[in-house]
Amino acid sequence: MTKAQTDKHEGKIKAEARYIRVSAQKARLVVDLIRGMQAGAAITTLRTTNKRIAPTVEKVLQSAIANATNRKDDVDVDQLFVSEAYVNEGPRMKRVRPAPMGRAYRYQRRMSHIVIKVKEKEA
């Protein structure tokens, strides 16, 4: 890893959930709410958000916080904030739906990968 790459990722702790059965578009609605927020406020926001994916995003955020406390002993959980949060498209499952006159219509069930990175605020 070059020096520029290590400096760019300095202090960021990552957690990700892969192959989640929700479209990336729907997951981005929730992830966009918490980007840049303080970690405790983000958890509160996710608990009050009325979307099906919100508990999963909260679980990923809790994992990122736990990863930060396990990696660094001197981390202050109250100083953590969501530095990056994004959703990528995952693979698609192709499915068939019965249609009129013996035909079959194809449709796709979408999956997504959710990535959340937390960082400690500099004092």
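Points worth noting:
- Of all residues making up the range 98-123, the number that are among the charged types (D, E, K, R) and exposed (fewer than 11 other Cβ atoms within 10 Å of the Cβ): 3
- Asp74 loosely packed, with under 14 Cβ neighbours inside 10 Å, charged (D, E, K, R) and free of Cβ contacts under 8 Å to residues at least 24 places away in the same chain: yes
- Among the residues of the range 17-57, those identified as of a type outside the set (A, V, I, L, M, F, W, C), surrounded by 16 or more Cβ atoms within 10 Å (Cβ to Cβ) and within 13 Å of Val115 (Cβ to Cβ) are Arg28, Thr56.
- The set of residues in the range 80-97 that are over 10 Å from the mean Cα position of the chain (by Cα), surrounded by 15 or more Cβ atoms within 10 Å (Cβ to Cβ) and of a type outside the set (Val, Ile, Thr) comprises Leu80, Phe81, Ser83, Gly90.
- Every condition in (1) among the charged types (D, E, K, R); (2) closer than 15 Å to Lys117 by Cα; (3) modelled with pLDDT of 95 or more is met by Arg95 except one, and the failing one is (2).
- Test: residue in the range 2-22 that is among the polar types (S, T, N, Q), modelled with pLDDT of 95 or more and over 15 Å from Glu84 (Cα atoms): no
- Those strands (runs of 3 or more DSSP E) lying entirely in the range 5-123 with at least 3 residues among the basic types (Lys, Arg) and in contact with a strand residue (DSSP E or B) (Cβ under 8 Å, 6 or more places away or on another chain): 80-98, 104-120
- No other residue among Ala24, Ala68 is within 20 Å of Glu122 (Cβ to Cβ) and in contact with a Lys or Arg (Cβ under 9 Å, 6 or more places away or on another chain) apart from Ala68.
The values are calculated or read from the model by the stated rules, or taken from the named source; none is laboratory data. None of these values were measured; they are calculated from a predicted model. Ideal geometry is used to build each Cβ from the backbone, glycine not excepted, and the neighbour counts take in all protein chains shown.
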